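Student: Okay, handing you the structure first.
The values are calculated or read from the model by the stated rules, or taken from the named source; none is laboratory data. Note that this is a predicted model, so its numbers are computed, not measured. Neighbour counts run over all protein chains shown; Cβ positions are idealised from the backbone, glycine included.
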């Protein structure tokens with residue numbers, strides 16, 4: 001392994017450690033690891049192992065945050081309960097807006113008919 005390759009590997013390890021410590025906040029992790037966001041995202045795009053490690057850390061962060069939310073629900077925090085219902089229980093009708101979808105949740109096909117000049121001449 002070349003010196004440059006070893007340096008990049010160490011750099012990636014430092015970024016992974018910083019991502020774990022900052023709950024996957026890319027800007028804060030890059031500051032801790034003394035690197036740019038551009039470099040982070042280049043590693044993320046080009047190195048499958050690095051990408052998988054970051055994605056795994058993100059899942060751990062999601063689990064941590066969801067655990068905190070569930071604790072608030074257990075503590076009878078009404079706002080947390082409403083938030084959870086609106087984001088996780090849409091299929092049971094807990095929504096603030098109506099979502100219209102096609103069969104199986106797929107998108108809808110919308111067709112617009114634009115009248116020709118002949119069809120609009122008598123409209124005045």
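Residue by residue, here is whether (1) surrounded by fewer than 15 Cβ atoms within 10 Å (Cβ to Cβ); (2) in contact with a helix residue (DSSP H, G or I) (Cβ under 8 Å, 6 or more places away or on another chain); (3) at pLDDT below 95 holds:
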position	(1), (2), (3)
4	yes, no, yes
10	yes, no, yes
26	no, yes, no
29	no, yes, no
32	no, yes, no
62	yes, no, yes
69	no, yes, yes
97	yes, no, yes
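Student: Would you check if residue 81 is on the phi < 0 side of the Ramachandran plot and either surrounded by 12 or more Cβ atoms within 10 Å (Cβ to Cβ) or not in a helix (DSSP H, G or I) (or both)?
Tutor: Numbers: on the phi < 0 side of the Ramachandran plot: yes; either surrounded by 12 or more Cβ atoms within 10 Å (Cβ to Cβ) or not in a helix (DSSP H, G or I) (or both): yes.
For residue 81, the condition - on the phi < 0 side of the Ramachandran plot and either surrounded by 12 or more Cβ atoms within 10 Å (Cβ to Cβ) or not in a helix (DSSP H, G or I) (or both) - is met.
Student: Then there is this: Considering each residue of the range 36-77, count those that are assigned to a loop (DSSP other than H, G, I, E, B) and at negative phi, and give that number.
Tutor: So the answer is 4.
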